[in-house]
Structures are given as C-alpha cells and as structure tokens.
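The values are calculated or read from the model by the stated rules, or taken from the named source; none is laboratory data. The structure presented is a predicted model; accordingly, all values stated were derived computationally and were not measured. Positions of Cβ are backbone-derived with ideal geometry, glycine not excepted, and every protein chain shown enters the neighbour counts.
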Amino acid sequence: MLAIEIENLYKTFKGSFSLSNVNLEVEKGEFFALLGPNGSGKTTLIHTILTILIPDRGSVRILGKDPFKEKEVLQLVNYVPAEKPSSHLKVKDFLNCYARLYGASSRRVEKLLRDLKITYLKESEGWMLSTGEVSKVALAKALLNEPKILILDEPTFGLDPKTKKEIHSYLQKLNKKGTTIFFASHDMVEVERLAKRIAFIKNGKILNVEEKNKILRKFKSLENYWLRLGR
Amino acid sequence: MKLSRIKALVYRDYLIFIKSRWRWLELFYFPITSIIIWGFFAIWTGEFASEAGKLALVINVFWSYAYIVQSTINLSINEDAWHSEAHHVFITGIGKWEYLLGRIIFSLLISSLNLVFMLLVVHLFFFNIASIILQMSVLFTLTAFTSVVLAIFIAGLYFILGRDYAWLAWASLQFFILFSFPLSPLEILPYQLQVVARAMPYGNLFQGVRNILLGKHFLQEVNLSILVAFSYLIISIFLYKFGFDYSRKSGKFAKMF
C-alpha cells in the first residue's frame, strides 16, 4: 500500500492553474522531497493532501484512504508548516492541548521534549522563543500522534546550520524507524542530505520524479537539475 | 463527533483565554463598569421616572451577556487565525461541527460566569432582582441561544469573506442590537420598523424584558423569540457549512489560518 497517492489532481485559483494534472506516488517509509520554485504549487499540493484545500478534480489517498471522506486517516499524518504557529501559551501547555486533541498522553509530550532536547523550553511562552526553538516545538507538535506520515513545508527555512543539522538528523532517525517523510524545500543541501526520491514541480505540474542518486549522476548536482528544470 | 476532541478544544480555549488579558477586560471590566454606571442612573431616575432607569440597567445586562456569548465564540476562531493555528487544529481530524461545538461550550461556560457577576452587582448595589429571576432566566437562556446562533452566522460569514473581516466578531452584534430597539417599546415605532425589530434576533427578547419589568405578560415575546432564533439557526447552519467548504475550495481557509 502506498503512503500517499495523488491522481489527476487539478486546482485553479481565479482561473489559473495552481495544480495541473498532478500524479504522484510516495511509498511507505520513503524520504521524499518536493522541489520547485516559489509559487510552483508545493504548498498548494501539501494543503490538498491535508484536506485544507478542496481540489477541483482528482483524488488524494493516504494509506489507501480518501482523507476527504475518511477523516480519521488524518490521525496518522502530521504536518510542520512553513509558517509556524505563534501561540502565546507556554510550550508545555501548547503541546498538551494538541496531545489531548490527538488522544496522546502528557508522557508523550515529555518524551518529545527530551528527544528534541527542548525540555528547558517547557515553561517558556511562545513569543519568547527563537526561530530555531519554534521550529523544534512545531516538530514536537507534529510528532505527538506518532504519525506514520510526516509532511513538512520548508522545515528548516531561516535556521542556523547547527539547528538545521539537529533537525535533519532527527528526521533521518524517524525515517529509519519507518516514518514516511514528505517535504517541500528550496534548500539543495537539505534535499541532497535527506531525500531518496525527488519530484520537481513547476507551474503546478510535476515535471520529473526520480531517485536522487540518478539525478545526481545525470546532472552532477541538484543545482544543475534545478536550473535545467526550473528555467 | 468525538467528545474527547470537543473537551480538548474547550481546554485549549480556556488556556488561550487565560493568556489573553484583553479578553478579560471584555468579559469583566466593560460589562461590570457599564452596569455600575447604569445602576447609579437607575437610582437617580427612580426618584422621578420610576422604572426607566431600572429598565435601562437590566437591558444593559442582557446586551452585555448577548455580546459576551457571541463574541467569545467568534474571537476564539479569530485567535486561531491570528496565531496561524487552525491548520494544526483541523489536521488532527477534527470536524467543522466539533470545532464549532467546542467554541460554543467554552463560550457558554465563561459567559455564565460573567452573567453571575453582572447579576450580583445589580442585586447587591441597585435593586432586588430575586422576585423576577425566574422569568429573567427564561429570557437569559433565550439570549444565550440567540447569541450562539448569531455567532454561527458570523463564523460562516468570516469563512466566506476571509481574514480581513475579523472585525465581524465584535462589530456585528451592534447592528442587530440597533434594529432590535433595546430601550424603546416597539409600539412607539413606525409599523415598518416594528416589523424589522420583530425580525431581529433580539427584538422580541428586549420587548419581553421590558414587559417583565413593567409587570406585563411576556410569553408571546418568548414564543416569537424562539421562532425567530430557530429561523436564524437554519440560515446560520447553512451559512457555516457553506462558508467552511467555500473557504477550503477558494483557498481562503489556507490563507486565513
């Protein structure tokens, strides 16, 4: 069974295509990157997978189920958006609220705080956190339900190299344990370090889906690949 | 619909509310201070216009209560938009009705507290309301119901119109109150305005409150209020469902939250 299956997906905004005949399959346990320029449709595609957007045509299946009809399947997915939540709650309260929504325990919150090495932030309020800390808290929130599929939109945008590396190695650990990871990024280093397969999207169309190693053999670098497809 | 998810939302609203000090001002400071102002007015006017000041005072309690019930629901939704959090809430698999119901329950809990405080101030400082509390309870229940209905209507509009229309949460009620003519008996209005007032969510309610205070019958007003509130409920449920789906189709939902 596929983790994510997208068929003939179309979405228009004010008459122009934001997604056009998108077909994509993400295997269970894959580390999959969605690459593409600004405004290419990456976030629109993610929002559609998560049912935040309703497509004009086409279908989305998560672990074989239609999330628009069988909402419960969303309990197996989680998401780290590009725009992180800016809650004024204390970190522990923020996470406990979502733990309750997912039916997770406060022990799970404690474990994630420890695993992500942010226990010291427990009593801090959202507005006091640095960008890197907000990203880690957003990641902790996204792991509360022990998702089978984790979707991330620009997961490390604006972070310093050390924090980036910490988040990368945590994501790699998760993927090794079997979590399917689907992420959108502009960051070539990030994509090269993490992804096993890459889809390139431009003007709402998937132009290419290929294994990273094959792309690197053909184009020498992801930057060349980007420049060739993105021009 | 899962009770655990609704309880989780109520808990979340409670924590956010505790942190939002400006909402404490809205809940306690403004209503209580305005009741004290109208209370002294009632004492003074009692000397020459017997019930007029008392009427203004009690209507003010209803007006404040209506505002708190409605605005608490809509402001909770606004807070999700302001803090970019609704994405996170909805991808937990929560449904649109669970989302709404959580907000309604929290609002009713917090506004009950507000109502108790307002009535205590009226009772302790201005006049004994024990003799009319039963009749008033009926109208307070109806006020709560009507305000919930109005909040659903406003939430639907907010989803359709988008983030720039957050002000609907605190501005809409004033429009409905204006045409409900809270302080004047409907009989003194031209016929057309009487019809408008009767069709407003609070028009019959305020007429009922005035009737109770003047020792008149109020059952007809109760019946009319229920009829009007249910009519608005049908429209509001449709608008909320339509607005929610429309905002997910148009992309406004993704932009809002």
(request) Select from the stretch A:110-145 the residues that are closer than 25 Å to A:Glu30 by Cα and without any contact (Cβ under 8 Å) to a residue 24 or more places away in the chain and list them in ascending order. (result) A:Lys111
(message) Filter the stretch B:13-39 down to the residues that are surrounded by 14 or more Cβ atoms within 10 Å (Cβ to Cβ) and free of Cβ contacts under 8 Å to residues at least 40 places away in the same chain and list them by number.
(response) B:Leu15, B:Lys19, B:Ser34, B:Trp38
(request) Go through the residues of the stretch A:1-13 one by one and say whether even a single one is over 25 Å from B:Gly251 (Cα atoms) and free of Cβ contacts under 8 Å to residues at least 40 places away in the same chain. (result) no
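Take A:Lys136 and decide whether it is part of a helix (DSSP H, G or I) and farther than 24 Å from A:Ser185 by Cβ. Before you say what the answer is, go through the steps one by one.
Values: part of a helix (DSSP H, G or I): yes; farther than 24 Å from A:Ser185 by Cβ: no.
So A:Lys136 fails the test.
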(request) Find all pairs meeting these conditions: Cβ atoms under 9 angstrom apart; at least six residues apart or on different chains; first residue within the stretch A:62-87 and more than 10 Å from chain B (Cβ to nearest Cβ) and in a loop (DSSP other than H, G, I, E, B); second residue surrounded by 16 or more Cβ atoms within 10 Å (Cβ to Cβ) and among the basic types (Lys, Arg). (result) A:Leu63/A:Lys148
(message) Quick check on A:Lys92: is it without any contact (Cβ under 8 Å) to a residue 40 or more places away in the chain and either more than 7 Å from every other protein chain (Cβ to nearest Cβ) or in contact with a Gly (Cβ under 8 Å, 6 or more places away or on another chain) (or both)?
(response) yes
(message) Let me confirm something: among B:Leu101, B:Leu119, which residue is in a helix (DSSP H, G or I), of a type outside the set (D, E, K, R) and either closer than 27 Å to B:Ser247 by Cβ or within 11 Å of chain A (Cβ to nearest Cβ) (or both)?
(response) B:Leu101
(message) Please go through the stretch B:130-146 and give me each residue that is surrounded by fewer than 21 Cβ atoms within 10 Å (Cβ to Cβ) and of a type in the set (Val, Ile, Thr), ordered by number.
(response) B:Ile132, B:Ile133, B:Val138, B:Thr141
(request) Looking only at the stretch A:149-163, decide whether some residue is assigned to a helix (DSSP H, G or I), over 12 Å from the mean Cα position of the chain (by Cα) and of a type outside the set (Lys, Arg). (result) yes
(message) If I filter the stretch A:120-130 down to residues being modelled with pLDDT of 85 or more and surrounded by 14 or more Cβ atoms within 10 Å (Cβ to Cβ), which single residue comes out as nearest to A:Arg107 (Cα to Cα)?
(response) A:Lys122
(message) A:Tyr98 - would you say it is farther than 18 Å from A:Phe182 by Cα, within 13 Å of another protein chain (Cβ to nearest Cβ) and buried (at least 16 other Cβ atoms within 10 Å of the Cβ)?
(response) yes
(request) Would you check if B:Phe125 is closer than 18 Å to B:Trp38 by Cβ, touching a Gly at 6+ places or on another chain (Cβ under 9 Å) and assigned to a helix (DSSP H, G or I)? (result) yes
(message) Please determine whether any residue of the stretch B:7-29 is assigned to a helix (DSSP H, G or I), within 11 Å of chain A (Cβ to nearest Cβ) and small (Gly, Ala, Ser).
(response) yes
(request) For residues that are outside any loop (DSSP other than H, G, I, E, B) and in contact with a helix residue (DSSP H, G or I) (Cβ under 9 Å, 6 or more places away or on another chain), tally how many sit in the stretch B:175-187. (result) 4
(message) On the basis of being within 14 Å of chain A (Cβ to nearest Cβ), among the aliphatic types (A, V, I, L, M) and either out of contact with any Gly (no Cβ under 9 Å at 6 or more places or on another chain) or not in a helix (DSSP H, G or I) (or both), does B:Ile35 make the cut?
(response) no
(request) Go through the stretch B:199-210 residue by residue and tally those that are part of a helix (DSSP H, G or I) and surrounded by 19 or more Cβ atoms within 10 Å (Cβ to Cβ). (result) 8
